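One structure is given here, and the rest of the page talks about it.
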Amino acid sequence: MVNDTVTFVSPDIKTSGETRFPAISDYNRKPSESNFKPLVENIKAKGYRDEMPIHVIKAEVASEHGVGKLYDIHNEEIPKEDYEKYFLVLLGTLRVSAVAIVNQSREKEKKKLLEIPAVEVPLKEEEMVSEYMSEMNSTQVEVQKTHYLKIAKNVHPDHPLLNRYCELIATKDNKDGISLSTLNQIFCNARSITKKDLVLLAMGKTKKGKSAKDDIIPSYDLELGDKFLDICENHIGFTKSDIKKRYLIKEFNKMRNSGGKEKMAIEIFHAIENEDIKAMRNKNGNLDEQLVIDHFDKMKHRYEESKQVDQAA
């Protein structure tokens, strides 16, 4: 792959569903020698990090998406009848080559061979392998959270939170979408699903931590999150830009986590009027974080006074 004179020992590629050998195609870029040697030394010293999966697709699927020939790690063409034993590497050729070099040393030393974690990429029906690889190589030096979210949803297709996140998250095709951190605030009460979590989910895992006992996806409340979005956008008239800034959901969570619980938060938000919205905006017409904090303190005071009047009556 890097140097045809080097001896490789093919690593196993593990996804959530199965283990196969790595394959490459003519679309794979040849790794740079300057990048290759430091990576080999790093893997020799530290092993392979599970949070750095490569991207793969089944070889037989690759042949349906524009790939004519596939080669094994020794650059030998793979017969089509053997495709079901291989994954085509879409992203991570350098790492596969490096592990293959390390495995050659480990085999001589009679050590356990390294395996490479992978996520299986769901290509669109008409998407060619060349399109995907070109996009990854030219525009995404670091694979985005949204990409791993999409794969995680594909691996866990029935999970309601992942499906809702995919509908709402900001992407190049959804400019009005919401960031991952804000979605965490809305649906998980600020508990986080991180990029590392999404990578693990894309690899088919559901637990994390040293003993793999902790749920990757934290507790969440879809109904309350959707109610917050509905109140903000349809009952009050906050813009999508307002909601994306996290100022509103942070105040909502402060109230739901206080003595007033969810009822207090919902009632105060339902009571917001146009004058309240104006008081939270700066001279440019945008929500200002400090103005939001200050005015919600006033609205909470107003709410508490009204409750005292009701109780006295």
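Nothing in this text is a laboratory measurement; each read-out follows from the coordinates by a stated rule. Treat the numbers as computed from the prediction; the structure is a model and nothing was measured. Here the Cβ is made from the backbone with ideal geometry for all residues, glycine too, and neighbour counts use every protein chain on show.
Length gain on complete extension for the stretch residue 163 to residue 271, per 0.36 nm per residue less the alpha carbon to alpha carbon distance?
35.8 nm
In nm, what is the difference between 0.36 nm times the number of residues separating residue 173 and residue 293 and their Cα-Cα distance?
40.0 nm
Give me, ordered by chain and number, the residues 5 or more places off residue 280 or on other chains with an amide H under 5 Å from its own placed amide H.
Amide H neighbours of residue 280, under 5 Å, 5+ apart: none.
Return the FRET efficiency for the residue pair residue 250, residue 51: r is the Cβ-Cβ distance, R0 is 25 Å, and the value is rounded to the nearest 0.05.
Plugging the Cβ-Cβ distance into 1/(1 + (r/R0)^6) gives 0.30.
Mind checking Rg over Rh on region 60-209, alpha carbons, Kirkwood formula for Rh?
Here the Rg-to-Rh quotient is 1.02.
Looking at region 129-230, what % of the alpha carbon pairs are farther apart than 20 Å?
41 percent
How much net charge surrounds residue 94 when only other residues with a Cβ under 10 Å from its Cβ are counted (Lys, Arg +1; Asp, Glu -1)?
Here the count lands on +3.
Computed on alpha carbon atoms, what radius of gyration and Dmax characterise region 141-192, expressed in Å?
My reading of the Cα-based Rg and Dmax gives 10.8, 31 Å.
Mind listing the phi-derived Karplus ³J(HN,Hα) values for region 74-84, rounded to whole Hz, using 6.51, -1.76 and 1.60 with θ = phi - 60°, and x for any glycine or proline?
9, 6, 8, 5, 8, x, 4, 5, 9, 4, 5
How large is the charge dipole for the chain, taken about the Cα centre, if only the Cβ atoms of Lys, Arg (+1) and Asp, Glu (-1) carry charge, to the nearest 20 debye?
The calculated dipole for the chain is roughly 1260 debye.
Over all pairs of distinct alpha carbons, what does the Kirkwood formula give as the hydrodynamic radius of the chain, in Å?
Over the chain, the inverse of the mean reciprocal pair distance is 22.7 Å.
Can you give the translational diffusion coefficient of region 220-259 in µm²/s, computed by Stokes-Einstein from the Kirkwood radius over Cα pairs at 4 °C and 1.567 mPa s?
Answer from the Stokes-Einstein relation: 123 µm²/s.
Would you calculate, for the chain, the mean residue ellipticity at 222 nm contributed by helices, counting each DSSP H stretch of 4 or more residues as -39,500 (n - 2.57) and dividing by all residues, to the nearest 500?
-14000 deg cm²/dmol
Using the Kirkwood radius over C-alpha pairs as Rh, can you work out the diffusion coefficient of region 24-128 via Stokes-Einstein at 37 °C, viscosity 0.692 mPa s, in µm² per second?
It comes out at roughly 222 µm²/s.
Just check region 182-313 against the gyration tensor rule for me: Cα atoms, a ≥ b ≥ c as the square roots of the eigenvalues, rounded for a/c under 1.5, and otherwise prolate or oblate depending on whether a/b exceeds b/c.
prolate
What residues have an amide H closer than 5 Å to that of residue 54, excluding those fewer than 5 places away on the same chain, when H is modeled at 1.01 Å from N in the peptide plane?
Residues meeting the amide H criterion: 118, 119.
Excluding same-chain residues fewer than 8 positions from residue 80, which aspartates and glutamates have a Cα within less than 13 Å of its Cα?
Excluding near neighbours in sequence, the set is 60, 64, 72.
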